[in-house]
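Written out below as structure tokens is the structure these notes cover.
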Amino acid sequence: MNAVFRKLQASATQQAFVLNHALTTCRATPSIQHPVWASVNERQYKSMPTHGIGRWRYLLPKDPPKKKRDRQQMKEIVVETETTYATLNVNVSGYDMTVVEHFSQHIHNLCNRLGINVLDCYALQTKTTEVWLMQEQGTKMSVDSFLKTHNRVVQLRSLNATMCPIFLEVLLKNQPEGVQLSVQEHTELDYKTRFKGRPELEGLKAKITN
């Protein structure tokens, strides 16, 4: 009985020795196939190339080439008739940009409700005015503030003569304080004022023509 017990104890100690030896060898020699077992300073997969893994853009269709933006051309000015007006510009200007913008939107919505054809709606260049202050005693002047005038234009086409008085009456009743309103016929000069002048370019064109 004692001999059998001794044999079992010897085999158990031998198996434990083999397992401990295997664990020590696994911890000491990191495997390249399983980099998680390796230490932090011995990561092998960081230097391995990806061979284009994840490049899927070639599967998508190619974007068409962008077309050059056409130069904006002046629209044809409508001639007045016996029952309709010519192309009209409703000019809205003021110092508060928010009020001017909202009032121009109100004009546009009103035209849509009344069935008036809106040809275009755009903003003009902001004009800056310097306000100088003179002292009570003396002749020295100093800049007190800068006033910015914002302009919006709602362009109407073929406004009916019978609808025009009603349209203007509604606009004048809803005109906010500090906002100026004017209606005039559209001309070629009004179209040119929309764009910023470039005197250098105009001078070069004059030299080429001469």
**OP:** Just need a number here: residues in region 80-100 that are out of contact with any Leu (no Cβ under 7 Å at 6 or more places or on another chain) and surrounded by fewer than 16 Cβ atoms within 10 Å (Cβ to Cβ).
**Re:** 7
Original post:
Among the residues of region 154-172, how many are outside any helix (DSSP H, G or I), surrounded by 14 or more Cβ atoms within 10 Å (Cβ to Cβ) and of a type in the set (A, V, I, L, M)?
Top reply: 4
**OP:** Mind telling me which of the residues Met134, Met97 ends up being in contact with a His (Cβ under 6 Å, 6 or more places away or on another chain) and either modelled with pLDDT under 90 or more than 18 Å from Val183 (Cα to Cα) (or both)?
**Re:** Met97
Original post:
For the subset of region 182-193 comprising residues that are open to solvent by less than 60 Å² (accessible area, probe 1.4 Å) and under 30 Å from the mean Cα position of the chain (by Cα), which member is farthest from Asn89 (Cα to Cα)?
Top reply: Tyr191
**OP:** Quick one: Gln175 ticks every box in (1) outside any helix (DSSP H, G or I); (2) touching a residue at least 24 places away in the same chain (Cβ under 8 Å); (3) closer than 28 Å to Lys75 by Cα; (4) not β-branched (Val, Ile, Thr) except a single one, so which number is it?
**Re:** (3)
Original post:
For region 103-144, which residues satisfy the criterion of being in contact (Cβ under 8 Å) with a residue 40 or more places away in the chain, part of a helix (DSSP H, G or I) and not small (Gly, Ala, Ser)?
Top reply: Phe103, His106, Ile107, His108, Leu110, Cys111, Leu114
Original post:
Going by the conditions given, is Val118 aliphatic (A, V, I, L, M) and either touching a helix residue (DSSP H, G or I) at 6+ places or on another chain (Cβ under 7 Å) or surrounded by 10 or more Cβ atoms within 10 Å (Cβ to Cβ) (or both)?
Top reply: yes
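The values are calculated or read from the model by the stated rules, or taken from the named source; none is laboratory data. If you're wondering where the values come from, they're calculated on a predicted model, not measured in any experiment. With ideal geometry, Cβ positions are generated from the backbone for all residues, glycine too; neighbour counts draw on all protein chains shown. Ligands, DNA and RNA are excluded from the accessible area calculation, which covers all protein heavy atoms including side chains. Shrake-Rupley method; radii C 1.70, N 1.55, O 1.52, S 1.80 Å.
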